[in-house]
Amino acid sequence: MSTNKRTLNYALAINEALHQMMEMDDSVFLIGQGVKSPWYVGNTARGLLQRFGPDRVIDTPVSENAVTGAAVGAAIAGMKAVVIHPRMDFMMYAMDPIINEAANWHYMNGGRASVPVVFWGVINRGGEQAAQHSQAIHAFFSHVPGLKVVMPATPSDAKGLMIAAIQDPDPVVFVDDRWLHYNEESVPEDAYAVPIGQGAIRREGEDVTVVGLSYLLPEAMRAADELKKEGISAEVIDLRTVKPLDKNLILQSLYKTGRLVVADVGWKSYGVSGEITAMVAEEAFRMLKAPVVRVALPDCPAPASQSLEAVYYPRCRQIIDAVLKIV
Amino acid sequence: MIRIRRCEESLVEPILRDEVKCPVHLYSGEEAIAVGVCACLERTDYVFGNHRSHGHYLAKGGAVGPLIAEIFGKKTGCSRGRGGSMHVIDPEIGMMGSAPIVGGTISLALGAALASKIRKDQRVSVSFFGDGATGEGVLYESLNFASLKKLPLLFVCENNLYSTHLPILECRINDVIHEIGKPCSIATCRIDGNNVIEVYETAKDALDQCRRGEGPVFIEALTYRLRGHVGPDDNIQGTHTDIRPAEEIKEWTRRDPIQQFERHLLTSGMITLSEIEAMITEIDSEIRDAYQFTQNSEFPQPHELKNYVYK
């Protein structure tokens with residue numbers, strides 16, 4: 001990895017990954033709604049159309065099923081397709097090509113064909129957008145064998161995981177969150193991949209392990225700062241990949257701390273926080289010094305009104321409260 | 001056509017004896033469509049099939065042995081025993097796959113055509129689907145997108161008049177399917193899908209148009225299943241699960257595509273009866289070898305269950 005760094009925000013880090021991959025590999029192309037329209041996908045597609053032309057940067061009608069299927073079909077035919085859904089709620093229309101076709105394709109054809117496609121979905125929460133423009137459905141995809149699911153929380157990982165997703169021979173669901181788009185940090189300039197399936201320890205600690213995902217990772221970091229003031233040392237893990245789960249990283253941390261808080265950006269029931277908790281119960285029950293506490297969205301559709309949004313989305317405060325329950 | 005027919009019919013007894021466990025949708029009676037279209041294709045062109053795709057696989061050049069082995073769930077099958085009859089594939093000859101989610105592979109063929117357009121590699125893609133797939137929204141999305149981007153894609157609707165067990169007029173407002181291409185400015189036609197020469201000539205013109213970059217073409221090929229929708233009961237005519245009128249079956253049996261083509265070749269002196277018989281003997285021997293190959297092949301081992309989930 002180059003040491004030559006400069007500051008980039010999360011959206012521009014994704015943009016740089018796309019520029020570099022499309023430059024390096026003629027088989028990479030981007031398709032989906034709004035790739036021509038800056039207001040639609042933030043800055044993630046900036047300059048791509050001008051540089052690579054409309055054959056490889058393809059804006060589309062609102063036909064998620066056919067367009068996503070086309071990305072899958074192109075991948076089966078040897079291309080590396082990136083299909084963007086600027087609001088991942090609309091991916092519900094594309095469940096057939098994602099799950100029935102892409103996820104199963106390699107298996108049900110006995111390994112005769114693989115599907116190197118990236119399903120890129122943006123969680124668009126907040127701003128009083130209500131139930132159909134706010135959903136985080138990463139757990140649906142994580143349930144399905146054959147898919148990989150990545151959810152970078154930092155600009156550097158957004159770039160490195162987009163590159164890894166494009167290079168991967170299997171279908172990868174890449175989920176980002178508008179709330180992260182303007183976070184900035186120093187990002188290496190070269191084209192590097194962050195390995196899929198590896199979490200990262202963002203902060204070392206002794207008393208409790210906090211696993212954070214996507215926008216809840218920066219919230220978990222703030223929570224750790226606050227807890228430190230109260231003399232509690234929290235270890236913060238950035239999950240980065242939801243599937244395959246980096247079990248060892250979580251278990252090793254838990255071996256040290258014996259206490260676990262999982263902060264997931266999806267609904268509480270039947271989701272990522274439940275999966276991690278069950279994994280720990282199966283594999284490390286005796287390590288636990290206290291019950292696992294989950295921070296997640298309540299089992300309720302996303303509301304519109306700001307007064308309801310304020311209680312709907314967990315933040316730093318809820319993570320602190322969760323830790324205080326068990327430490 | 002004879003190879004497909006003999007292959008399909010060879011499966012009837014094993015299906016009835018319950019030796020074949022996976023659902024099998026026989027292509028008997030519809031052979032002229034796969035053969036007429038695939039005769040116009042290069043090896044590198046792409047074909048996507050559906051649940052009834054043994055014929056597409058064989059017509060594109062797939063070998064009989066791996067097909068039969070797959071249907072019997074063997075490790076040597078074309079999908080290594082992970083797919084069964086509904087997932088036949090051979091990417092090396094451009095048979096890119098088949099799947100029973102109705103309409104599910106139409107958009108995959110759309111994407112393969114998009115890949116060809118991006119690469120400018122002159123390949124064409126063919127999507128074979130049935131009349132039942134006209135009930136799926138993805139078909140209409142795909143028609144629009146293919147036409148909008150002028151993709152080299154041939155839509156081939158094999159209209160056998162029944163969507164599983166439902167007559168076409170019980171699931172569509174009319175029975176003229178090809179016209180659904182017209183609002184998307186797609187050249188369309190309806191042909192006799194049991195006339196292999198008509199299929200070949202129509203497909204050839206259509207594929208030339210695709211290769212010239214003039215956009216997709218939609219062919220509706222009228223045909224009829226000589227067997228039922230899916231075995232075992234349903235693959236025998238006259239049982240309670242095949243509700244089609246006996247008279248209708250009889251009429252379409254008279255229009256058997258192989259018999260029609262044989263009559264044409266014999267009366268025009270292009271072939272002799274003994275040449276046809278020799279062809280059948282050779283094909284039957286190939287099919288016998290395929291069953292022997294299948295019988296000698298192992299089932300996938302339990303410890304291999306999770307192979308191929310990821311590459």
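The values are calculated or read from the model by the stated rules, or taken from the named source; none is laboratory data. Predicted model, so just to flag it, every value in this text is computed and none were measured. Virtual Cβ from ideal backbone geometry, glycine too; neighbours counted across all protein chains shown.
If I filter the stretch A:215-232 for residues that are assigned by TED's automatic domain parsing to the domain that holds A:SER273, under 28 Å from A:PHE29 (Cα atoms) and touching a helix residue (DSSP H, G or I) at 6+ places or on another chain (Cβ under 8 Å), do I get at least one hit? Scanning the stretch A:215-232, I find at least one residue that is assigned by TED's automatic domain parsing to the domain that holds A:SER273, under 28 Å from A:PHE29 (Cα atoms) and touching a helix residue (DSSP H, G or I) at 6+ places or on another chain (Cβ under 8 Å), so the answer is yes. Residues that are of a type outside the set (Ser, Thr, Tyr), in contact (Cβ under 8 Å) with a residue 40 or more places away in the chain and surrounded by 15 or more Cβ atoms within 10 Å (Cβ to Cβ) number at least 3 in the following strands (runs of 3 or more DSSP E) confined to the stretch A:232-325: A:260-267.
For the stretch B:63-85, the set of residues classified as over 13 Å from B:TYR291 (Cβ atoms), of a type outside the set (D, E, K, R), in contact with a helix residue (DSSP H, G or I) (Cβ under 9 Å, 6 or more places away or on another chain) and surrounded by fewer than 24 Cβ atoms within 10 Å (Cβ to Cβ) consists of B:ALA63, B:GLY81, B:GLY84, listed by residue number. With respect to being at the interface with chain A (Cβ under 9 Å from one of its Cβ atoms) and acidic (Asp, Glu), B:GLU170 falls outside the description. Taking the conditions exactly as written (in a helix (DSSP H, G or I), more than 11 Å from chain B (Cβ to nearest Cβ) and closer than 28 Å to B:PRO91 by Cα), does A:MET22 satisfy them or not? Taking the combined requirement at face value, the residue satisfies it.
Based on what the data block shows, is A:MET108 under 22 Å from A:GLN129 (Cα atoms) and either surrounded by fewer than 24 Cβ atoms within 10 Å (Cβ to Cβ) or among the aliphatic types (A, V, I, L, M) (or both)? Outline the logic, then answer.
Working: under 22 Å from A:GLN129 (Cα atoms): no; either surrounded by fewer than 24 Cβ atoms within 10 Å (Cβ to Cβ) or among the aliphatic types (A, V, I, L, M) (or both): yes.
Answer is no for this residue.
Among residues that are in contact (Cβ under 8 Å) with a residue 60 or more places away in the chain, touching a Phe, Trp or Tyr at 6+ places or on another chain (Cβ under 6 Å) and within 27 Å of B:ASN160 (Cβ to Cβ), B:PHE261 is not included. Note on the stretch B:87-107: residues that are at the interface with chain A (Cβ under 9 Å from one of its Cβ atoms), surrounded by fewer than 24 Cβ atoms within 10 Å (Cβ to Cβ) and hydrophobic (A, V, I, L, M, F, W, C) total 1.
Of all residues in the stretch B:119-142, none satisfies being within 11 Å of chain A (Cβ to nearest Cβ), surrounded by 23 or more Cβ atoms within 10 Å (Cβ to Cβ), of a type in the set (Lys, Arg) and in contact (Cβ under 8 Å) with a residue 40 or more places away in the chain. Residues that are more than 18 Å from A:LEU8 (Cβ to Cβ), modelled with pLDDT of 95 or more and within 14 Å of chain B (Cβ to nearest Cβ): does the stretch A:173-185 have at least one? There is at least one residue in the stretch A:173-185 that is more than 18 Å from A:LEU8 (Cβ to Cβ), modelled with pLDDT of 95 or more and within 14 Å of chain B (Cβ to nearest Cβ).
Residues are listed down the side, and each one gets a yes or a no for (1) in contact with a His (Cβ under 8 Å, 6 or more places away or on another chain); (2) of a type in the set (Ser, Thr, Tyr); (3) crowded, with 24+ Cβ neighbours inside 10 Å; (4) on the phi > 0 side of the Ramachandran plot:
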site	(1), (2), (3), (4)
A:ALA136	no, no, yes, no
A:ILE163	no, no, no, no
A:ARG202	no, no, no, no
A:GLY205	no, no, no, no
A:THR209	no, yes, yes, no
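Strands (runs of 3 or more DSSP E) fully within the stretch A:52-136 that include at least 1 residues being in the same structural domain as A:TRP179 (by TED's automatic domain parsing) and touching a Pro at 6+ places or on another chain (Cβ under 9 Å): A:80-85, A:117-123. Does the stretch A:298-313 include one or more residues that are within 17 Å of A:ASP238 (Cα to Cα), at pLDDT 95 or above and not aromatic (Phe, Trp, Tyr)? Among the residues of the stretch A:298-313, not one is within 17 Å of A:ASP238 (Cα to Cα), at pLDDT 95 or above and not aromatic (Phe, Trp, Tyr), which makes the answer no. For the stretch B:258-278, filtering for residues that are surrounded by fewer than 14 Cβ atoms within 10 Å (Cβ to Cβ) and within 26 Å of the chain's Cα centre (by Cα) leaves 4.
Does A:VAL82 qualify as being in contact (Cβ under 8 Å) with a residue 24 or more places away in the chain, in contact with a helix residue (DSSP H, G or I) (Cβ under 6 Å, 6 or more places away or on another chain) and closer than 20 Å to A:ASP26 by Cα?
Details: in contact (Cβ under 8 Å) with a residue 24 or more places away in the chain: yes; in contact with a helix residue (DSSP H, G or I) (Cβ under 6 Å, 6 or more places away or on another chain): no; closer than 20 Å to A:ASP26 by Cα: yes.
Criteria not met by A:VAL82.
Please go through (1) closer than 30 Å to A:PHE29 by Cα; (2) in contact with a helix residue (DSSP H, G or I) (Cβ under 6 Å, 6 or more places away or on another chain); (3) surrounded by fewer than 24 Cβ atoms within 10 Å (Cβ to Cβ); (4) touching a residue at least 24 places away in the same chain (Cβ under 8 Å) for B:LEU110 and return the number of the only condition it doesn't satisfy. Condition not satisfied by B:LEU110: (3).
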